[in-house]
Amino acid sequence: MVHDIHVTSEVGRLKRLLIHSPDAGIGKIVPRIKDQLLYDDIVYLEKMQQEYSEYLRILLCFLDPEKIQGKANDPDYQLAVKNNWFESDKVLSVEQMLVRILQYEDIKYLLVPSVCALEKCGLRTQKQLLGMSPEQLALVLITGILKDENGQEIILFPPIPNLIFTRDIGITVHDHILLSKPYEDARDREALIFKYIAHFELLRQKTSQEADELAQQVIELQEPNLFYISSEEETQQKVVTIEGGDVMMISPGHLLVGLSERTSLPAVEQLVEKLFQRNLIQKVSVVKIPRRRAYMHIDTVFTQVKRDTWIVFSPFTKEEINRSHSFDVTGAIQGKQAIDPNHQVEVVQFIRQAQAGGTYSITTNRMDYLDDLLEQISRQDFGATTCEVIPSAGGQFPYSEREQWTDACNFLALREGIIIGYDRNIKTEAEFRKRGFAVMRSAEIIEQVEQGKSIDEVVTGDTLILLPSGELSRARGGTHCMSMPLLRDDLDVLV
């Protein structure tokens, strides 16, 4: 099966995406390694899975309603709900994709040795893995857990609990997929697994199943391999890391990329070059944010809601910056902004100018505020007459920082103006209500669709859908993070 891959915006009607339900590996995290695995705490897995089940069923309501509509009393449906496993071809799972590619021996014999080398497993383990069925093997590669003949669990290698944040392992740019290069070693296995899925399942050629036929639409950044005779500072300056939470396919000709804790300058440099060489993008806006865990990616501080509406971490908004800082005469003379470095955002744009003979030149543009970039996108890319920036928690301290920490700026747009986010960010919810958004709880929507109503009967107009988030939010990622869009409808745009 070859899947349609096409994304040109953040808010066009979502039609296919890649997700991963919380797996058993998350339940094996112990306190002494939680930081190494990028978790701030150990989570209650069963509760997390229940919360995720609502997220998954909301996705089905919009993307694949045949799997849920009128199924309230269907025992097969109830079993699917219990297992978080629906075998949808619209709401795709990493495990589902992995099982498919592992059916081919040539691919299995490429992937398993690669994982074993990464995890420093011996030949005995490698042979054991190669002898497994595709279903067994996929589960072990994801969770790291093997069951022996007595049903006892053996932990072969660490879990990859951040795989639930599929946004970070890749990003769809038109009909191409950009692979991530994770900042932290704990995410290397998930990036490796997705690389094989991208080449051999999502983008493989229709004419062949052969493992040596690589998809030309995969974009992968390269890291220099000559780090010897270099200082620590020089080595850090060469490292190439990029994660999907720092990349937004914002409009057909415009890509946003964050320069953050997780995405490096050499990666941004390579990305601009590759996109311009392929003539995929005409403008790349680089958004530099403070290197802090709270702001690990740009989608933790802003996401798009509609073509003319954005949710933004309030200390990063122009209004709050100007209100919070008195005029600095000395700073103005020295050419410095009077902005708290913890809240300072810089935007640099690179614009591709086509030249005769198929060549191109690059011009640059700088902006002082994030708001200016968002207004430019709304007006110039989408032709909107206004641009509304919604401040998280209404800009109220300390709620703006508290709610940003629990993903108040991280929303997935299912359709333009219909977004899904966490229920715990009540001050931000109030801001959406003020702006005319209906607010509905995910369970309320699911129940009505299960009883037979269509999603268009249940959800009408601009709507914020609230998802239970007691455990999901503790993993440090929201609904935008938990999604990798593969197919969206195009929006009418000016460029």
Flagged pairs (Cβ under 6 angstrom, 6 or more apart or on separate chains; first in region 423-446, in contact (Cβ under 8 Å) with a residue 40 or more places away in the chain and within 20 Å of Cys61 (Cβ to Cβ); second buried (at least 18 other Cβ atoms within 10 Å of the Cβ) and of a type in the set (Gly, Ala, Ser)) are Asp423/Ser469
Could you tell me whether region 402-413 includes any residue that is closer than 27 Å to Gly170 by Cα and surrounded by fewer than 22 Cβ atoms within 10 Å (Cβ to Cβ)?
yes
Sole miss for Lys427 among (1) surrounded by fewer than 20 Cβ atoms within 10 Å (Cβ to Cβ); (2) within 25 Å of the chain's Cα centre (by Cα); (3) over 19 Å from Ser314 (Cα atoms) is condition (3)
Residues in region 252-309 that are closer than 20 Å to Leu374 by Cβ and small (Gly, Ala, Ser) total 4
For Pro113, the lone unmet condition from (1) of a type outside the set (Val, Ile, Thr); (2) in contact with a strand residue (DSSP E or B) (Cβ under 9 Å, 6 or more places away or on another chain); (3) at pLDDT 95 or above is (2)
- Query: Does Gly122 fit the bill of being within 24 Å of Val458 (Cβ to Cβ), surrounded by fewer than 17 Cβ atoms within 10 Å (Cβ to Cβ), more than 27 Å from the chain's Cα centre (by Cα) and of a type outside the set (Ser, Thr, Tyr)?
  - Reply: no
Across region 389-420, the tally of residues that are under 20 Å from Thr463 (Cα atoms) and free of Cβ contacts under 8 Å to residues at least 40 places away in the same chain stands at 1
If we keep only residues of region 156-172 that are over 30 Å from Lys127 (Cβ atoms) and within 8 Å of the chain's Cα centre (by Cα), then the residue surrounded by the fewest Cβ atoms within 10 Å (Cβ to Cβ) is Thr166
Scanning region 454-474 residue by residue, those in contact (Cβ under 8 Å) with a residue 12 or more places away in the chain and assigned to a helix (DSSP H, G or I) turn out to be Ile455, Val458, Leu472, Ser473, Arg474
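Need a quick list: helices (runs of 4 or more DSSP H) entirely within region 256-364 having at least 3 residues that are modelled with pLDDT of 95 or more and not hydroxyl-bearing (Ser, Thr, Tyr).
265-277
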The correct count of residues that are surrounded by fewer than 20 Cβ atoms within 10 Å (Cβ to Cβ), among the basic types (Lys, Arg) and touching a residue at least 60 places away in the same chain (Cβ under 8 Å) in region 173-199 is 0
Phe157 fails exactly one of (1) touching a Cys at 6+ places or on another chain (Cβ under 9 Å); (2) part of a helix (DSSP H, G or I), namely (2)
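The values are calculated or read from the model by the stated rules, or taken from the named source; none is laboratory data. Since this is a predicted model, take the numbers as computed values, not measurements. With ideal geometry, Cβ positions are generated from the backbone for all residues, glycine too; neighbour counts draw on all protein chains shown.
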